[in-house]
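**Q** Let me give you the structure first, and then I'll get to my questions.
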Amino acid sequence: MVDKERVLSKVAELDSYIAELREVSPASFDEYQLVEKKRSCERLLQLCIECIIDICKMFVTGLKLGLPSDENDLFSKLNAKRIVSREMAKTLREMRGLRNILIHEYAAVDDELVYSYVKINLKDFEEFKKQVLVAISSPRS
């Protein structure tokens, strides 16, 4: 059984990070290049993605979907159970990759990619939230 209260709490946390991200969102790429803007956007994106991963873990654990081999497996398991769509699972894998770059610096941070997430891809976070809220309200969870 999915702990709905914990999931809803994490969704609320995600909402607060998205709101903060919208608040600090730069008007232009030039403005994004200011160190304060860049670092705040990077950190808030990281926190949003970590919330999403935490929510996915709660579903996998609560629905007893087995031990995931890695974080990408979380998304595959949730897609197999129709908690998230195939497209969303793909988007989540991309988000995870971005988060790993932001945290572990596996590669140079692509400022244009981060800026596009802030300006264009916030809708992906909203779509994830929508799919999770539908899933949590279904009787199977």
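**Q** Carbon and sulfur atoms: what percent of the 1.4 Å accessible area of the range 35-141 do they account for?
**A** Numbers: 2880 of 5520 Å².
Carbon and sulfur atoms account for 52 percent of the accessible area of the range 35-141.
**Q** Hey, another quick one. Using a 1.4 Å probe, how large is the accessible area of residue 93, given in Å² and rounded to the nearest 10?
**A** For residue 93, solvent-accessible area is about 90 Å².
**Q** Just to be sure I follow the rule: in the chain, considering lysines 8 or more places apart or on different chains, how many pairs have Cα atoms under 12 Å apart?
**A** 5
**Q** Let me ask something else. Starting from 0.36 nm per residue, how many nanometres of slack lie between residue 123 and residue 35 once their C-alpha separation is accounted for?
**A** Numbers: separation 88, 0.36 × 88 = 31.68 nm, distance 2.47 nm.
That pair, residue 123 and residue 35, stretches by 29.2 nm at full extension.
**Q** Could you give the dipole magnitude of the range 1-112 about its Cα centre, charging the beta-carbon of Lys and Arg +1 and that of Asp and Glu -1, in debye to the nearest 20? Please report the intermediate quantities before stating the final value.
**A** Working: 18 positive and 21 negative charges, 156 e Å.
Its charge dipole is roughly 740 debye.
**Q** Still on this structure, please answer the following. Cα atoms only: what Rg and Dmax, in Å, come out for the chain?
**A** My reading of the Cα-based Rg and Dmax gives 15.3, 48 Å.
**Q** Once the whole set of protein chains is in place, how much accessible area is left on residue 91, using a 1.4 Å probe, in Å² to the nearest 10?
**A** Surface open to solvent at residue 91 totals about 30 Å².
**Q** Hey, what's the range 76-141 come to in accessible area per residue, 1.4 Å probe, Å²? Let's see the in-between values first.
**A** Numbers: 3700 Å² over 66 residues.
Ligands and nucleic acids excluded, the figure is 56 Å² per residue.
**Q** Which of the DSSP-defined H helices in the chain satisfy a minimum axial length of 20 Å, computed from C-alpha atoms, and a minimum mean Kyte-Doolittle hydropathy of 0.0? Intermediate results must be reported in sequence, preceding the final value.
**A** On the way: long enough: 4-24 (30 Å, -0.24); 35-62 (40 Å, 0.44); 86-104 (27 Å, -0.56); 122-137 (23 Å, 0.09).
Within the chain the helices that satisfy the rule are 35-62, 122-137.
**Q** Contour minus end-to-end for residue 24 and residue 137, with contour as 0.36 nm per residue of separation and end-to-end as the Cα-Cα distance?
**A** Result: 37.5 nm gained on full extension.
**Q** Using a basic spin-label model with each label point 7 Å from the Cα along Cα→Cβ, how many nm lie between residue 73 and residue 9?
**A** So the label points at residue 73 and residue 9 sit 2.7 nm apart.
The values are calculated or read from the model by the stated rules, or taken from the named source; none is laboratory data. Since we're looking at a predicted model, the values are computed, not measured. Counting neighbours? That spans all protein chains shown, and the Cβs are built from the backbone with ideal geometry, glycine included. Protein only, heavy atoms only, side chains kept; ligands, DNA and RNA dropped before computing areas. Shrake-Rupley method; radii C 1.70, N 1.55, O 1.52, S 1.80 Å.
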